[in-house]
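Chemist: To start, I am sharing the structure in question, which I have written as structure tokens.
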Amino acid sequence: MAPSVAPLTPEIQESPLLLAKKNGLSNNGTQYDVNESYDGDYRFAPIEEAQVSRAMIKRYFNMMYERAVSDVVIVGAGSAGLSCAYHLAKSRPDLKITIIEAGVAPGGGAWLGGQLMTPMVVRKPADRFLTELGVPFEDEGPFVVVKHAALFTSTVLSKVLAMPNVVMMNATAVEDLIVREDFQGRQRISGVVTNWTLVALNHDTQSCMDPNVITAPVIISATGHDGPMGAFSAKRLVSTGLLKELGNMRGLDMNRAEPAIVNGTREVVPGLIMTGMELSEHDGSNRMGPTFGAMMASGIKAAKEAMRILDS
Ligand code: 48N
């Protein structure tokens, strides 16, 4: 009996024996003729190019289809957005949490400390979050120092992405908000309008590159205070008349800025929680410069606010 060759996806099944010869399948067909050797004879399992495309397309567009209705959307995967996602997903594994990040690389400003220097300063008690994540640090008394900001960001990012109820769409921008009237006649943020970031940044080069939408009862905006789309939701609230004017971030004062951002994290309009440095633009609070404890703690506060709203 001819050996049963592991079938390719039926739609693109080639002649398996020809493929086997071309791609070095072993005779029994089920164990690919791979070889992990570094002496000039490294052999991979066989592949058809269309299999790679279909493996990506199937998963990504299933995810888009399934997350068109989410429980919570987090806009911005910087230190505040990621800390929020971690705490929320860990506390509520039942929630469908969708992160929308405009950059190809998530992380926002938390890849460096300050002025392109790499150590990250975190004031106590926010060091407890680093301990929870397992991020090592040096203790300097009132604050701790992580040897490289990327050690924090990559750790929290990897844990967030490993959580089964979290998906992240990076290189994707929120370019508008869905605003509906709720049963009390109030304007409520009920979702986000998204597009590929490259498209969102090029609406003036083409016409009618219309967006996609994702609906959710709670939106958490953590879009920061700078960058190509910094403070996006705060600015959109002003242009839609839901906020009279921006508070505009004030000068640097670490001792005032950090508690103001954590304690000020809240539902700024029905359905929209604001956190991280975007809040400084909304409220007009001070900036804190290169210390990141408030980003972590405000993200956690935003997660708690989201759970409060969903459970009310
Ligand atoms: O890191 P950021 O900019 O924002 P936060 O609030 O997470 O952390 C702020 C922190 O990095 C500081 O600025 C420090 C503490 N310095 C303070 C100071 O005084 O200078 O991350 C925001 C993320 C970025 O990754 C953006 O790409 C993304 O949000 N983003 C968006 N993603 C999707 N759609 C959008 N419209 C959008 N706008 C921004």
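Chemist: Counting only trypsin sites (Lys or Arg not before Pro) that sit in a DSSP loop (anything but H, G, I, E, B) with at most 13 other Cβ atoms within 10 Å, what is the longest stretch of the chain containing none of them?
Modeler: My reading of the result: 1-185 is the longest stretch.
Chemist: Angle, helix 149-162 long axis vs. longest principal axis of the chain, Cα atoms, 0 to 90°, nearest 10?
Modeler: So the inclination is approximately 60 degrees.
Chemist: Using the basic label-point model (7 angstrom from Cα toward the beta carbon), what is the GLU245 to ILE57 distance in nanometres?
Modeler: Each label point is offset 7 Å from its Cα along the Cβ direction, giving 5.2 nm.
Chemist: Sticking with this structure for a sec: Got a sec? How would PHE129, PHE61 order by Cβ neighbour count within 10 Å, fewest to most?
Modeler: Listing PHE129, PHE61 from fewest to most nearby Cβ atoms yields PHE61, PHE129.
Chemist: Beyond a 23 Å Cα-Cα separation, which of these cross-linked pairs lie in this structure: LYS90/LYS301; LYS96/LYS235; LYS124/LYS301; LYS147/LYS304?
Modeler: LYS96/LYS235; LYS147/LYS304
Chemist: Quick one: helix 49-66 against the long Cα principal axis of the chain, what's the angle to the nearest 10°, folded into 0 to 90?
Modeler: 40 degrees
Chemist: Using only Cα atoms, locate the centre of the range 193-234 and the centre of the range 254-276, then give the distance between them in Å, rounded to an integer.
Modeler: First find each Cα centre; the distance between them is then 21 Å.
Chemist: To the nearest 10 degrees, how steeply does helix 293-311 sit against the main Cα axis of the chain, on a 0 to 90 scale?
Modeler: 80 degrees
Chemist: Could you work out how far apart the two model spin labels at ASP139 and PHE44 are, taking each label as a point 7 Å from the Cα in the direction of the beta carbon, and quote it in nm?
Modeler: A separation of 4.8 nm, rounded to one decimal place.
Chemist: Provide the net charge surrounding PRO119, with neighbours chosen by a C-beta distance below 11 Å and charges set as Lys +1, Arg +1, Asp -1, Glu -1.
Modeler: Once positives and negatives cancel, what remains is -1.
Chemist: Out of PRO211, PRO228, PRO270, any idea which swings most in a Gaussian network model of the chain, alpha carbons joined below 10 Å?
Modeler: Result for the chain, Cα springs under 10 Å: PRO228 fluctuates most.
Chemist: So who's got an amide H within less than 5 Å of the one on ILE178, skipping anything under 5 residues away but keeping other chains? H placed 1.01 Å off N, in plane.
Modeler: The answer is SER190, GLY191, VAL192, VAL193.
Chemist: Select from the range 30-113 those GluC sites (Glu not before Pro) which occupy a DSSP coil region and have at most 12 other Cβ atoms within 10 Å, ordered by residue number.
Modeler: Sites meeting the loop and neighbour criteria: GLU36.
Chemist: Considering the chain as a Gaussian network with a 10 Å cut-off on Cα pairs, which listed residue, ASP41, ASP139, ASP94, attains the greatest mean-square fluctuation?
Modeler: Residue with maximal mean-square fluctuation among ASP41, ASP139, ASP94: ASP41.
Chemist: Also, I was wondering about something else. Find out how many positive minus negative residues lie around ARG180, taking Lys and Arg as positive, Asp and Glu as negative, among other residues whose Cβ is under 11 Å from that of ARG180.
Modeler: With Lys, Arg at +1 and Asp, Glu at -1, the net is 0.
Chemist: For the range 193-312, give me the percentage of DSSP beta bridges that are antiparallel, rounded to the nearest 5 percent.
Modeler: Around 50 percent of the beta bridges assigned by DSSP in the range 193-312 are antiparallel ones.
Values in this text are rule-based calculations from the coordinates and carry no lab data. All of these numbers come straight from a predicted model, not from anything done at the bench. Positions of Cβ are backbone-derived with ideal geometry, glycine not excepted, and every protein chain shown enters the neighbour counts.
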